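Contents: one structure, followed by commentary.
The values are calculated or read from the model by the stated rules, or taken from the named source; none is laboratory data. Quick caveat, the model's predicted, so the values are computed rather than measured. Don't worry about glycine lacking a Cβ; one is built from the backbone with ideal geometry, like all the others, and counts go over all protein chains shown. These area figures cover heavy atoms from the full protein model, side chains too; ligands, DNA and RNA do not enter into them. Shrake-Rupley method; radii C 1.70, N 1.55, O 1.52, S 1.80 Å.
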Amino acid sequence: MRKLPFLLMGAGALAACGKDRPNFLIIQCDQLATRAIGEYGGLEGYSEVMDSLARNGVVFDNAYTACPLSQPSRTALLTGLLPHQTGVRSNSGKWMNADLDPQLPTLGTVFSAAGYNAVHFGKRHDCGALRGFTHKEPVQTKYQDPLVPLNPDSFKDVGTCADAVEFLSSPGTEPFICMVDFQNPHNICGYVGFASGPHAVADTAGLPPLPDNFEVEDWSALPIPIQYLCCNHRRLEQAAHWSPENYRQYIAAYMRYVEIVCAQIRSVLNALESTPAGKNTIVVLLADHGDAMASHRMVTKLTDFHEESVKVPLIVCGPGIQGRGRHLGQLVQTSTDFVPTLCGLAGIEVPASMKGISQAPSILGRRQKENHAFVVSQWHSEYDRIVSPGRMIRLEEGFKYTHYLEGNGEELYDLNADLGEKHNLAGDPASAELLQRCRSILEDYLAASGDDYRKLELKVDSKYRNHAPGYPSHIDGYNLWNFCNPSDAPGPHNL
Ligand code: ZN
């Protein structure tokens, strides 16, 4: 990308005010749900460092990922595109996902072209979208925790934390953008394997409560791929027959992984604050997607668009940001808005390929002239063994519509009255007009964005749909980890 004299770039940014260019510290967690953060109205007492960032910064209450799965979400975020535009739709390797266009501008190429030292530590899972960053692969350090089983997710985070601390303790004199990608609380996926099947609970004292939307009242009212998530994904197969107490143990374990990553984030922030550069650094905390946290009897993240899976934390704090602890309610499409927002804060021109909305005016306390009327999310497949594409439209006024190719399944939720998404209104005659409007918005979005959703292949063997709907009715023994390509199979560590 062509380098431009900095003071000529963009408008309304910190640099244009004559101040030094801000540095950026981006901290991304894998599978961090807003419900895990006290300042988001979640469970209290586990997320002190995140709560502190929220109280000192700007909190986006309605930020949505364009895909509740790691690799598609990360690739989209770094390129400012949607998954159907990057061609990276699943966690599979290149044998199934399209190669990323090497000419696409990325967060790393945009900022390095503008004179930033772009460094990345930790998890990749980016299909090449980290281009422009200098990446350091973390060294694993094995250790044990007295409360939860650990796997390489946690072991790698030790190295990621150490690498970030080392860099931030002596960041040099040129402006930097430092991205720190922690695996946790993703270790919860390994926990489900560790705790597979129903098991006795000796002591429930101290376990977190189940969420209000734990029970599913009417499985048949849900789209087929939601009814059979237990047959789609080995983690939900492993949890399908859990007792309510087992789910409470799951939440407790999840929050322990949150605590572990919070301690590492604290170390990273301490290093940042130990140098003069820290005073001129904007800190961003976000996640690639959420976690079900036992809502709707679900664990981890799956073929669903519930709030727990697709809504992500997004907190921004640092110099130039107006109003500490402000909560902003506008819709944010993290995948498309993230890079334009950082460009807006740095005074860098946004590449023409990126069509998202910069949230920088809101962050800087200025008038936000443009907002999303709706945001979207997409699902294709995890590893392409079962392919059951779906789309979500979340409207500004609080309605959520989903559609799945399989069985032409639909959901319609009024988040204003039903934040737990317990009542699917898609079959409610009183909501027929709203349903029709949502259908039209989906079709308009598909046409406007070139989304090939209607042409995608549905690939579901009927043997994965042959028990009564709902996870408690699941029949074990489908060998759900039967990969098409052995290179995508998890290592033995991944329980
Ligand atoms: Zn099943």
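Rounded to the nearest 10 Å², what accessible area does PHE399 have for a 1.4 Å probe in the complete protein model?
50 Å²
When the accessible area of the chain is split by element with a 1.4 Å probe, what percent falls to carbon and sulfur?
C and S fraction of accessible area: 51 percent.
Go ahead and estimate [θ] at 222 nm for the chain from helices alone: -39,500 (n - 2.57) per DSSP H run with n ≥ 4, summed, over the residue count, rounded to 500.
Helix contribution divided over all residues of the chain: -8000 deg cm²/dmol.
Kindly state, to the nearest 0.05, the FRET efficiency for ARG55 paired with ASN416, given R0 = 41 Å and r defined as their beta-carbon distance.
After rounding, the FRET efficiency stands at 0.95.
Set the Förster distance to 25 Å, then compute FRET efficiency between GLU349 and ASP99 from the Cβ-Cβ distance, nearest 0.05.
That gives a FRET efficiency of 0.40.
DSSP beta bridges in segment 5-364, what fraction antiparallel, as a percent rounded to 5?
Close to 20 percent.
Place a +1 charge on the Cβ of each Lys and Arg in the chain and a -1 charge on the Cβ of each Asp and Glu, then give the dipole magnitude about the Cα centre in debye, rounded to the nearest 20.
1300 debye
If Lys and Arg each add +1 and Asp and Glu each add -1, what is the summed charge of the other residues whose beta carbon sits under 11 Å from the beta carbon of GLU137?
+3
What is the sum of charges, Lys and Arg at +1 and Asp and Glu at -1, for the other residues whose Cβ falls under 11 Å from the Cβ of GLY398?
Local net charge: -2.
For segment 5-364, report the accessible area per residue in Å² (1.4 Å probe, heavy atoms, rounded to an integer).
32 Å²
Obtain the nm distance between the two label points defined at ALA202 and ARG366 by a simple spin-label model: each point lies 7 Å from its Cα along the Cα-to-C-beta direction.
Each label point lies 7 Å from its Cα, and together they span 6.0 nm.
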